[in-house]
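Colleague: Sending over a structure as structure tokens; questions will come in a sec.
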């Protein structure tokens with residue numbers, strides 16, 4: 001398989017009939033029972049040795065159980081936070097390490113600050129911002145925002161427009177939460193728009209209120225909404241299917257609109273030094289990613305010559321590591337791309353990438369997928385798994401399976 005991948009990367013026109021037929025789906029039900037039994041017996045080492053983990057063979061029989069998995073952040077080198085993805089009716093937040101996991105049903109969604117220090121924990125009544133929480137999600141409480149207050153302020157600003165203020169369960173509409181500015185600010189994005197919450201004020205960033213009024217729109221609903229905050233808190237990047245790439249400079253209170261390289265804006269991520277933002281736009285399952293140097297954007301927003309860092313991937317998630325930016329694409333591949341737009345490595349995880357985080361020491365990459373899988377990858381491994389597909393040396397240490405109606409299991 002890896003030889004086949006490399007031939008395609010070299011530009012060869014490939015015939016997939018060359019690949020042997022995958023017959024693993026025929027035993028997928030039996031394998032899944034073995035996975036659950038191994039968890040009950042604590043025999044995970046033998047399980048992973050005898051049944052290497054995979055997603056693709058399970059699709060045929062278990063597609064209806066699969067859901068997006070959102071990895072939120074690392075609490076320390078070994079403990080991370082995760083949850084089911086957006087639009088989950090019975091959301092739950094988890095913490096996990098090598099010994100297992102804990103569940104927190106009082107929270108339905110979680111988000112992390114750009115520097116990985118502060119966590120926003122959303123429940124039916126409030127959003128709590130906690131600094132450096134422990135495995136029990138307890139720590140210094142920086143702020144508490146009540147949904148009642150948030151919705152009231154939105155309602156006052158636009159009483160005739162259907163918005164997040166009209167949702168009976170706003171926490172169930174969330175697609176992202178980003179606390180920043182010492183907990184004094186929280187960026188909320190959902191299918192009902194992108195909002196900036198700052199103590200006693202709530203501002204709708206997207207869709208633009210002036211455009212709503214101009215086109216006489218009835219609500220704030222958006223598709224493919226996304227947002228990011230720079231580590232220094234100065235910049236907010238955001239957009240949706242119907243917008244350009246949008247960039248807010250909070251220092252100058254100025255918003256820029258940048259034309260996408262592909263059809264529909266889909267993702268944004270800042271570099272850790274707050275010097276650049278990478279914008280991805282998609283077209284079906286493919287896309288293109290540009291890099292915008294923030295110091296040159298003023299007066300230059302109509303420049304269509306921003307460097308293209310990748311011209312293949314529809315990006316759902318991205319995170320920066322020492323060797324470059326890791327892009328997670330719709331086909332289930334991770335691509336590491338350096339600052340010059342050169343591919344460093346690629347690695348296949350098996351299902352559309354939904355979320356990515358890296359451990360504080362940059363040794364582990366946590367990957368959440370739409371297949372209900374959470375992969376923990378070793379970035380410092382000298383050799384790939386025997387059954388791995390890719391061009392690098394990444395090794396999967398373990399994975400969690402979090403399916404609808406099932407208890408989480410490790411594989």
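Values quoted throughout were computed directly from the atomic coordinates according to the rules given, and no laboratory measurement underlies them. Just so it is clear, the structure is predicted and the values come from calculations on it, not from any experiment. Methodologically, a virtual Cβ is constructed for each residue, glycine included, from the backbone with ideal geometry; neighbour enumeration extends over all protein chains shown.
Colleague: Before rounding to the nearest 500, sum -39500 (n - 2.57) across all DSSP H runs of length at least 4 in the chain and divide by the residue total; then give [θ] at 222 nm in deg cm²/dmol.
Modeller: -3500 deg cm²/dmol
Colleague: What nm distance separates the two modelled labels at residue 181 and residue 135, each placed 7 Å from Cα along Cα→Cβ?
Modeller: 3.6 nm
Colleague: Please work out how much length the chain gains when fully extended from residue 361 to residue 203, using 0.36 nm per residue of separation minus the C-alpha to C-alpha distance, in nm with one decimal.
Modeller: Full extension from residue 361 to residue 203 adds 53.3 nm.
Colleague: Can you tell me the order of 153-159, 109-115, 194-200 when each peptide is scored by its average per-residue count of other Cβ atoms within 10 angstrom, highest first?
Modeller: 109-115, 194-200, 153-159
Colleague: Applying 1/(1 + (r/R0)^6) with R0 = 30 Å to the Cβ-Cβ distance of residue 153 and residue 214, what FRET efficiency is obtained, to the nearest 0.05?
Modeller: Taking R0 as 30 Å, the efficiency between residue 153 and residue 214 is 0.85.
Colleague: Let me ask something else about it. When a footprinting reagent is the concern and you count Cβ atoms within 10 Å, what order do 379, 334 take, fewest first?
Modeller: Result, fewest neighbours first: 379, 334.
Colleague: Given points 7 Å out from each Cα along the Cα-Cβ axis, report the residue 18 to residue 274 separation in nanometres with one decimal.
Modeller: Taking the two extended label points, one gets 4.9 nm.
Colleague: While we're on this one: With a 10 Å radius around each residue's Cβ, average the other Cβ atoms per peptide and rank 308-319, 218-229, highest first.
Modeller: 308-319, 218-229
Colleague: If one computes P(r) from the Cα atoms of segment 301-377, what percent of pairs lie at distances over 22 Å?
Modeller: Counting every Cα pair in segment 301-377, those more than 22 Å apart make up 23 percent.
Colleague: Now, a different point. Would you give the gap between the C-alpha center of segment 356-375 and the C-alpha center of segment 51-113, rounded to a whole Å?
Modeller: 10 Å
Colleague: Report the Cα centroid-to-centroid distance between segment 221-254 and segment 290-349 in angstrom, as an integer.
Modeller: About 17 Å separates the Cα centre of segment 221-254 from the one of segment 290-349.
Colleague: Order of 395, 252, 24 from fewest to most other C-beta atoms within 10 Å?
Modeller: Arranged by neighbour count, lowest to highest, 395, 252, 24 become 252, 24, 395.
Colleague: Does segment 245-399 come out rounded, prolate or oblate, given a ≥ b ≥ c as the square roots of the eigenvalues of its C-alpha gyration tensor, rounded meaning a/c under 1.5 and, failing that, prolate meaning a/b above b/c?
Modeller: prolate
Colleague: Based on other C-beta atoms within 10 Å, arrange 30, 21 from fewest to most.
Modeller: 21, 30
Colleague: May I ask you to compute the full-extension gain from residue 338 to residue 223, defined as 0.36 nm times their residue separation minus their alpha-carbon distance, rounded to one decimal in nm?
Modeller: 38.4 nm
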